[in-house]
Structures are given as C-alpha cells and as structure tokens.
Amino acid sequence: GAGADNDLYINQAIVFIEDAIQYRSINHRVDSKSLWLYRWYYSRTCQWILSLTITVILALAFIEEPSSLTITSDVRYRLPAWNPPCGLTESVELLCFLVFVVDVSVKSYLIGWKEFWKNKWLMAYILTLIVSLADWIVSLSFFCKESVRIRRILRPFFLLQNSSMMKKTLKSINSTLPEMASVVLLLAVHLSLFTMFAMLLFARTKDNQQDKEWVVYFRNLPDSLTSLLVLLTTANNPDVMIPAYSKNRAYSIFFILFTVLGNLFLMNLLTAIIYNQFRGYLLKSVQSSLLRRRLGIRAAFEVLSSLKETPASAQQSCVSVGALLQVLQKAEMDSRCKQAIMRSLKMCSCDQLSAAQFQKLFEELDKDAIKQHPPSPEYQSHFMQKVQFAFGHPYFGYLGNVVALANIISICVVLVMDADKQPSERDDFFLGAINCFFILYYLLEMLLKILAMGLKRYLSYPSNRFDGLLTVILLILEIATFAVYGFPHPGWRPEFMGLLSLWDMVRLVNMLIVFRFLRIIPNMKFMALVVTTLLDLVKNLRAFAGILVVVFYAFAITGIMLFKGAVQTFFIFNFLIQAPFSIKKVVVLYFKENKVISWCSAQAELIYCLLYLLSVHLICRWAKIYFVAWWLISSVIWVNLFVALLLENFLHKWDRRCQRESLSDIEYQRTVELMFRDVLEEPTEEELMEKLHQHPHLHLCR
C-alpha cells in the first residue's frame, strides 16, 4: 500500500543522509530488510565490536611466542616470559575470524553480487580469511610448534580494510609511487657511483695498519654499498670516515660531496615531489568524498519526492518540509548540524523544498565546527564586577605565566646545585618549600579564574582544563607528601615510607610543574598555530597513523620470523669483543685454521675480525634487503608523506589566520575534507543524476 511505500521511502532517505554524513557509497541494497541490516551493521555497537575484534587480533602478537610480556627487553636480565598453552590464542583467533566472516558476509550481501566482483578489497578480504584459516589449521595440526605463521603477517589487513580513509590514502600513495621511483632511481645511481669511487679510493694496500677503512667499511661491493647507504641515513656519521680522515684529511672531501648531494639535494627533492604529487592525489580522493556526500543528499531528495503526499501538480520535483523533519528526527547525525538544519526549516516560509533548497540545507555539514564559549556570570555587586574585571583580564594570565616561569627557574637552580650530591647529602627543604608556595599560588589562581569566568566558561577552554587538572593533581600530591613525611624543614630527608620515597614524590611534583609550563602556548599566537596544526594532524589524520601501524606491525612480525635467535648470537660476540686479548686471539686463530677468514693479523685487528665475522659470516647478507626496505618505506616514503601533510595543514592555517576572529571566544575545528574545501569542485546536476540512474538497486521514476 501507499503507507508501506512511504515508510520505505522515509527509511531510504534516512540511510542516504547517513551515508552522506559519513562519506559512504550509496551503492547498496535499499529494500526494507536490507536497510535494517545496513543500519544495524553501521550502528555504534556493531562497529565497536568490529574495532575491538581488530584490536584483539593485533594484540595477540604480544603474548604469542616469543612473548613480549616482560619488564625489560634485555635478554641478560629478563625472566622467562609466559608463553600461553597451545590452543589458547588459537581459540581467540578463531572467534575473531568468525566475526570477520560475518563482517565480510554482511558487506557482500548488502552491495550485491554484481558489485561484489568489482570490489577488490572485499575479494582480498575473503582471500586473507581463507589463507589465515588454512594457516590456523596447520598450526593446530603441528601442535603450535611451527616456526612460520603466515596469518600473523596478514593481520594488519583487517585494520586496513575497515577504514575507507586508509584505503584512499593507500590508493594515493600507490599513485604517487611512479613519480617517487624516478628520484629513488637517481638516488640509486648516486649510491652506485660513489660506491665505485669509494672502492677505488680505499682499496687494500700492503700496509695492513692503514687498511682499517677497507677492512671495516669498503672490503667488497655489498659492504661498500651498505656503508654508504647507512651514511645516507647519517646513522654511521662520522664513524665511517674516521679511519680515512686519520690517514689523510683530503679524504673528507669524498664524504662531504656524498652527504651534500645525497642528503641536501636528492632527499629534499624527494620530499618536494611527494608533497606536490601526493597532495594532488589526496585532493582527488577528497573530491570523490564530496561527490559521495552530494550524491547521498540528492538520492534522499529523489526518494522523498516520490512520497504520495507530494503534490501531483508540481512542475518539478519537490519534498515537503514535514517529510524532511521526519527524516531528520530519525537520522544519526551531529546535534549541531541537526539543530542548524531544523532552524533553517522553521525560518523557511514555504511548505515544499526544491532540489537546490534541499541541497543548500545540508551544506551545514560542510561548515567548520564552531565552538562558542559560555558567557561570563553577571555580578550585581560593584566590588565583584571589579574583581571579575581584574582576574578575568588577560594580564592576570600573563602574571600566571611569569610565576610558572619563576617556578621552572627555581627548580633548575636546585637541580644544578644538587646534581653531584648523594641522596644522603641532599636537603629537600628548599625545593619542598618553594613547591608548596607555587602550588598554593596555582590553586588561588584557578579559584580566582573560576570566580571571574564562571565554572562553565572556565572549563570550556582546553588550556584551563589542562591547567586546572594539573593543579588539582599537584595539590593532592602535596597533601599526600605532608601526610606521610610532614611539613618541610631544614634537613628534611626522611626515610622511605609508603609507596614512594620523598625524593620520588618531589621529582613527580617537579615533572608535573615543568609539564604545566606548557600553559603559555595559547598566549603565543605563532606557537599556538604550530600546536593546533599538530593537534589537527593527530585528530584528523588517523588514517595515516593506521597505515603506519600496519607497516610497523608487518615488518615487526617479519623480523621476528627472520631473525629469531640472532640476538643470542649478537650477545655472544659482544662478550668476545669485550673479552681479554688471549680469548680473542684463540677465536681468530680458530677461524683462520678453518679458512673462515685469512686476512686478520693476530694483534692489531682482532676487533675488526670479530666485527666482520658478526656482520658477514654469521648473519645472512640477504637480511640487508629487509632493513633497506624498512628504511625506504618508513623513513623515506612515510616520513616525507607526513611532512607533506604537515606543510599542507600549516600553510592552510597560515593563509586563513587573518580571515578569522581571535581564538578567545571561538574555536574552529577542521577535518581533512574541510582542509581542501576551498579548492574542491561541486558536481553538476547532470553528473549526480547520471550516477543515480546507474545505481544497481535504486530505480527512480524519472
């Protein structure tokens, strides 16, 4: 009946608007049961369960063999780690796999069979699950004794596929790779040429005493290439040049030229290319997100215009205000946007909305989130008004900053004076007394600000919340110190009592006071701009942090499998290097007799022989590929991507800093999409309608 159709149209509109808010694709089933399943799947509870499952399966690596549940990582001092019995972590894994199976099944059903074959991520999801389950079965069949577990390397994929922004970021990175490859190739040529020069400059001579550069760094082609590659990262600078420089100062020209060309020119050129290309690809990705939002809003308009209550005499499609209000009441959206749209509807004098009016209402979603602070209390007393003016004035905040600076200086003076003293010689009276004075001032300052601004306005500022929280913690620590150790007095050095010693309590208080000094940041405009840029990156660029977690996790698991047991070998040779000369001599002579090495003298070069054995003969040279790949992905590519986004965010804020009011009463909160809002192009009417008519499950009347 007409009522059932109207309910379906309302539910479709609700889902399309929620898709637009979250930048989701609208290409999914739109029948009543599918819409209910769709909203259930994207509900907070369901998504929280999925996120928890991903967290659990990633965290299993910390307790699986080799377990990381030890206080220290030093194998010489740590106790044997707890290794779970076979079947415990595997049972948790199976539960996680079952959740993922449900997840991929629901996703596949909702988009339909036709769209499923176009979705490479879903197909990769299913393949990952199949391989993981097969590897899980193999583990149980070997009673958890197998050394290689492929499914552990595949676990980060579950995090990757669950975030649309991470997928877009990865796609943008993949599109940027061809441009980066040209600079990486130039970097490889640079390394190769200087490797040839190095092997010619530091060739072996008849004098073994002068061949330390050749012995340690440039003995052969792989070692020479590795030494210069490490120099490109500055990790072995200046160690790599010291033997040659000791022999002849002119050799420094070679290393200077290599460093200037590689680090100053080529690496910075790579940063510039990544910034230019990646920003363009990310802009395209954000442009597609804008198209999804506009498409979702237009789809909601089209289905609402099909309601039976719409006037048949209307020359163009329109939507009744009542129908839109009904949709807004049921849709999950930010309360600020919902209230703003409802206010606009109440101010509208018409009963029907055209497509342009409908779209304009939802432009509220694209605006910056503005947080206005509550007003200050209005006092009737003339005296209270003067108090409010005095302690609400910015100069009172500046006075607090000066006092905090004086506190920091006093702590530094005491620490410098007591740096070389034994704990038994240290007198904590002076530091305890000044800390007590400053903490009382901080408490008084906080109370006076609350009196002047009101509690709600005081707490609406992040800097005040930060300041007030630390003040309360400092006050509690001071009270606890006095309760356990009494009030400060000359020779105040009581013995250890309670959970912490007096010195530990004082140190904790001092660390919090130093941390509290960050309150000055909002008062320095340029520093505040830098900090807000960093905070925006932390809040809005979670996708990039997620991909970084994926890279770290995959390389960590791969490293565990490749280098299991290599740490013990390292400590054996570390012991040999520190051992007496006689033991070193016996070891070297043994390897010479067995023709492992033949070039060492038994006197001067024992240390180099041992290092050579450690780095060349006992560890596979192919391991260098692992570390070079790690350096390229994490340091070269990913750090440069982060620098590019940091520059983009900072320049955007810098360009707009004069166009807005001061941050005293209004705070603007931006997302990645809003960061590029000024340069995005609006999709045309024809483009939107063409996309809607291509919808695999929605059949419009016109």
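When you look at Arg279, is it basic (Lys, Arg), surrounded by 14 or more Cβ atoms within 10 Å (Cβ to Cβ) and modelled with pLDDT under 85, yes or no?
yes
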Checklist entry - What residue, of Lys114, Lys120, Lys107, is exposed (fewer than 15 other Cβ atoms within 10 Å of the Cβ) and farther than 20 Å from Ile153 by Cβ? => result Lys114
Checklist entry - Going by the conditions given, is Leu440 open to solvent by less than 60 Å² (accessible area, probe 1.4 Å) and closer than 16 Å to Leu512 by Cα? => result no
Checklist entry - How many residues, within region 238-283, are more than 28 Å from Ile633 (Cβ to Cβ) and in contact with an Asp or Glu (Cβ under 7 Å, 6 or more places away or on another chain)? => result 2
Next on the checklist: Please verify whether Phe258 is assigned to a helix (DSSP H, G or I), at pLDDT 90 or above and aromatic (Phe, Trp, Tyr), treating the condition exactly as stated.
Outcome noted: yes
Checklist entry - What tally of residues in region 22-69 results from selecting those that are aliphatic (A, V, I, L, M) and free of Cβ contacts under 8 Å to residues at least 24 places away in the same chain? => result 3
Next on the checklist: Quick test of your reading of the structure: Ala181 fulfils all but one of (1) surrounded by 17 or more Cβ atoms within 10 Å (Cβ to Cβ); (2) out of contact with any Leu (no Cβ under 8 Å at 6 or more places or on another chain); (3) free of Cβ contacts under 8 Å to residues at least 40 places away in the same chain. Name the failing condition by number.
Outcome noted: (1)
Item to check | The listed residue being within 26 Å of the chain's Cα centre (by Cα) and not in a helix (DSSP H, G or I), out of Ser51, Ser73 | outcome: Ser73
Checklist entry - What pairs can you find where one residue is in region 498-518 and assigned by the TED database to the domain that holds Val402, the other is surrounded by fewer than 16 Cβ atoms within 10 Å (Cβ to Cβ) and at pLDDT below 65, and their Cβ atoms are less than 6 Å apart, with a gap of 6+ or different chains? => result Leu502/Pro494
Checklist outcome for this item: For region 547-565 the number of residues that are open to solvent by 50 Å² or more (accessible area, probe 1.4 Å) and not aliphatic (A, V, I, L, M) is 3
Checklist entry - What number of residues within region 79-90 are open to solvent by less than 100 Å² (accessible area, probe 1.4 Å) and in a loop (DSSP other than H, G, I, E, B)? => result 6
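The values are calculated or read from the model by the stated rules, or taken from the named source; none is laboratory data. Just so we're clear, the structure is a prediction, and the values are computed from it rather than from any experiment. Don't worry about glycine lacking a Cβ; one is built from the backbone with ideal geometry, like all the others, and counts go over all protein chains shown. Accessible surface areas use protein heavy atoms only, side chains included; no ligands, DNA or RNA. Shrake-Rupley method; radii C 1.70, N 1.55, O 1.52, S 1.80 Å.
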